[in-house]
1. Would you say Ala36 is at pLDDT 90 or above and among the small types (Gly, Ala, Ser)?
2. For the range 63-100, name all the residues that are of a type outside the set (Ser, Thr, Tyr), surrounded by 13 or more Cβ atoms within 10 Å (Cβ to Cβ), touching a residue at least 60 places away in the same chain (Cβ under 8 Å) and not in a helix (DSSP H, G or I).
3. Just one of the numbered conditions (1) within 14 Å of the chain's Cα centre (by Cα); (2) touching a residue at least 60 places away in the same chain (Cβ under 8 Å) is not true of Leu110; which one?
4. For the range 121-176, which positions are β-branched (Val, Ile, Thr) and under 19 Å from the mean Cα position of the chain (by Cα)?
5. I'm trying to understand the selection: among the residues of the range 146-165, which are modelled with pLDDT of 80 or more and surrounded by 12 or more Cβ atoms within 10 Å (Cβ to Cβ)?
6. (1) touching a residue at least 12 places away in the same chain (Cβ under 8 Å); (2) of a type in the set (Asp, Glu); (3) surrounded by fewer than 16 Cβ atoms within 10 Å (Cβ to Cβ): which one isn't true of Glu51, the others all being true?
7. Testing Pro48 on (1) modelled with pLDDT of 70 or more; (2) over 30 Å from Arg109 (Cα atoms), one condition comes back false. Which one is that?
8. Considering only residues that are outside any strand (DSSP E or B), touching a Pro at 6+ places or on another chain (Cβ under 6 Å) and surrounded by 15 or more Cβ atoms within 10 Å (Cβ to Cβ), which ones fall in the range 176-195?
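The values are calculated or read from the model by the stated rules, or taken from the named source; none is laboratory data. No experiment lies behind these values; they were computed from the predicted model shown. Cβ placement follows ideal geometry from the backbone for every residue including glycine, while neighbour counts extend to all protein chains displayed.
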Amino acid sequence: MVARLTAAQYRALMERRGGTPAPAAAKKTTKARRGATNPGPPSVPPPPTVEPLLAGLPNPGRHWTFLMPYAVEMLTSNKRYPHWSVEHRIRKQLRADATSLIRPMNVPRLQYAAIYYVLHPRKLNRSRDPGNWAPTAKAYVDGLVTPNPDLPGNRHLLPDDDHEHLLGPYPLMGAPVETGYARMSLIVVELGGPLTSANGETVTGTGTSTYRN
């Protein structure tokens with residue numbers, strides 16, 4: 001049978017023998033988890049520049065820029081949620097935020113449109129990919145094109161958000177916010193004609209198709 005000494009007993013034994021006691025083992029300390037840094041109050045980023053975007057669109061007309069309501073939680077393709085209900089709650093709120101802007105912005109019901117979403121990130125020293133925020137943009141577009149409760153059978157912004165009526169939404173990087181969490185702007189551009197055509201005329205603007213039978 002092997003006798004085992006505790007650390008205190010071993011140090012006492014070494015002292016009696018005139019040796020140097022072994023140093024006491026350092027206690028393991030558990031680092032407190034650093035909480036999320038408070039980003040401060042919401043701020044309003046500079047509006048995105050629209051004119052260069054119009055040059056690349058077929059038959060652009062009127063346009064509107066929405067600074068979406070401040071949201072502490074936005075959806076990203078990188079984030080995993082503990083339960084589907086959490087993601088559902090955030091998406092429902094984002095859709096409602098977009099729908100709430102239709103009437104105050106006095107945007108008419110359009111037939112064809114292009115939409116850009118502009119990410120205004122926090123000032124953090126790391127690269128950002130605005131494409132990762134596509135789930136938030138999709139929720140916003142759904143809110144803009146959701147059925148109108150005042151006019152059953154009609155929708156708010158477009159007849160539908162399919163490829164026949166909508167180009168995009170396309171991601172862009174915008175100016176960062178000074179304080180608060182990241183925000184998003186939507187740029188809605190009215191288009192003057194159908195988005196698809198058998199001969200490619202309305203999309204390319206050339207009337208010459210690159211496809212041959």
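1. No: the conditions fail for Ala36.
2. His63, Trp64, Phe66, Leu67, Met68, Ala71, Met74, Leu75 - these are the residues of the range 63-100 that are of a type outside the set (Ser, Thr, Tyr), surrounded by 13 or more Cβ atoms within 10 Å (Cβ to Cβ), touching a residue at least 60 places away in the same chain (Cβ under 8 Å) and not in a helix (DSSP H, G or I).
3. (1)
4. If the condition is that a residue be β-branched (Val, Ile, Thr) and under 19 Å from the mean Cα position of the chain (by Cα), then Thr136, Val141, Val145 are the ones that fit.
5. Hits for the range 146-165 are Thr146, His156, Leu157, Leu158, Pro159, Asp161, Glu164, His165.
6. For Glu51, the exception is condition (1).
7. Unmet condition: (2).
8. Once the filter is applied, which keeps residues that are outside any strand (DSSP E or B), touching a Pro at 6+ places or on another chain (Cβ under 6 Å) and surrounded by 15 or more Cβ atoms within 10 Å (Cβ to Cβ), the range 176-195 yields Pro176, Val177, Gly180, Tyr181, Ala182.
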